[in-house]
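Colleague: I'd like to ask you about the structure that follows.
Throughout, read-outs are computed from the coordinates displayed, never taken from laboratory work. In this text the structure is predicted, and so the values were computed from the model without any measurement. Every residue, glycine as well, gets a Cβ built from its backbone with ideal geometry; the counts of neighbours run over all protein chains shown.
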Amino acid sequence: MTEVRHATIEEVPALSALLADAFVDDAIMIWTTPGEQRFERIRSFFAEFDTRTAASGWLWTVEGGAGVALWVPPGTEAEFEELTFSVEDAGPEYESFWAWAESARPAEPHWYLDHLAVDAGARGSGLGVALIEHGLAFARADRAPAFLCTSRPDNVGFYERRGFVVEREGDAPGGGPHVWFMRSDPEGRDTGGR
């Protein structure tokens, strides 16, 4: 069984390189991080952002850093928003995209999967599933939904197999990427026919 544990601040530099590798060709990151040296700028973004999220206890890892996930707990929306909009080197596309995406989050308390990545050599080994199930266990314990957004069409089916459903989809304003907003409700909760 895969052990999922809190990531330490000392692990963030290696995890940020893993995230940059996974997200360098992601439509959201291409849109919000335009220009030269995208890989290095994305790595720097995750290093800054996840140093703060690791300090908050929201960053999780597996197998010696071969996978990472940021699960934001309910009741921390203001703190998360402050982190999201305090990142340096964020252009107008970043701010407009995340303001739009944040408006799609559920109004009720929920667990939010902000990002997830697994090392290319370890994909298909169950590490990503373990990181997802870890957060979903928190959501079930709280009887709260889990929520995420993705711009990768292949991810939609992956998350659907883990109990998420597409709640909404659309193109980000100003010519931004197409995004799927997905939700997973705890067992035994009325999902309104979704």
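Colleague: For the range 163-169, what does the Karplus curve 6.51 cos²θ - 1.76 cosθ + 1.60, with θ = phi - 60°, yield as ³J(HN,Hα) per residue in whole Hz, taken in order and with x for Gly and Pro?
Modeller: x, 7, 10, 6, 8, 6, 8
Colleague: Between the range 115-168 and the range 1-52, how far is it from one alpha carbon centroid to the other, in angstrom?
Modeller: 17
Colleague: How far apart, in nm, are the 7 Å Cα→Cβ label points at GLU108 and GLU79?
Modeller: The answer from the label model is 2.3 nm.
Colleague: Give the residue from LEU116, ALA146, THR76 lying farthest towards the positive end of the charge dipole for the range 4-184; charges sit on Cβ (+1 for Lys and Arg, -1 for Asp and Glu) and the dipole is referred to the Cα centre.
Modeller: Of LEU116, ALA146, THR76, it is ALA146.
Colleague: Between GLU95 and GLU48, what is the spin-label point distance in nm, taking each point 7 Å from the Cα along the Cα→C-beta axis?
Modeller: Calculated label separation equals 1.3 nm.
Colleague: Using the basic label-point model (7 angstrom from Cα toward the beta carbon), what is the ASP154 to ALA137 distance in nanometres?
Modeller: The answer from the label model is 2.8 nm.
Colleague: What is the sum of charges around VAL118, taking Lys and Arg as +1, Asp and Glu as -1, for the other residues whose C-beta is under 12 Å from the C-beta of VAL118? Numbers along the way, then the final one.
Modeller: Values: positive: ARG123; negative: ASP21, GLU63, ASP119.
In short, -2.
Colleague: Considering only ALA7, ALA172, SER125, whose Cα is most displaced toward the positive end of the charge dipole of the range 4-184, charges sitting on Cβ of Lys, Arg (+1) and Asp, Glu (-1)?
Modeller: SER125
Colleague: Sticking with this structure for a sec: Could you run the Karplus curve 6.51 cos²θ - 1.76 cosθ + 1.60 with θ = phi - 60° over the range 56-68 and give me ³J(HN,Hα) per residue in whole Hz, x for Gly and Pro?
Modeller: 7, x, 9, 9, 10, 9, 9, 6, x, x, 7, x, 8
Colleague: Work out the length of the dipole vector of the chain about its Cα centre, built from +1 on the beta-carbon of each Lys and Arg and -1 on the beta-carbon of each Asp and Glu, and round it to the nearest 20 debye. Spell out each step's value before the answer.
Modeller: Working: 16 positive and 33 negative charges, 126 e Å.
Value, rounded to 20: 600 debye.
Colleague: When N counts the residues of the chain, how does its alpha-carbon radius of gyration compare numerically with 2.2 N^0.38 Å, as a ratio? The partial results should precede the final answer.
Modeller: Values: Rg = 15.7 Å, N = 194, 2.2 N^0.38 = 16.3 Å.
For the chain, the normalised Cα radius of gyration is 0.96.
Colleague: State whether the range 43-119 is rounded, prolate or oblate according to the following rule on the C-alpha gyration tensor (a ≥ b ≥ c being the square roots of its eigenvalues): a/c under 1.5 gives rounded; otherwise a/b larger than b/c gives prolate, and the remaining case gives oblate. Please list the in-between numbers first.
Modeller: Numbers: a/c = 1.80, a/b = 1.23, b/c = 1.47.
The shape class here is oblate.
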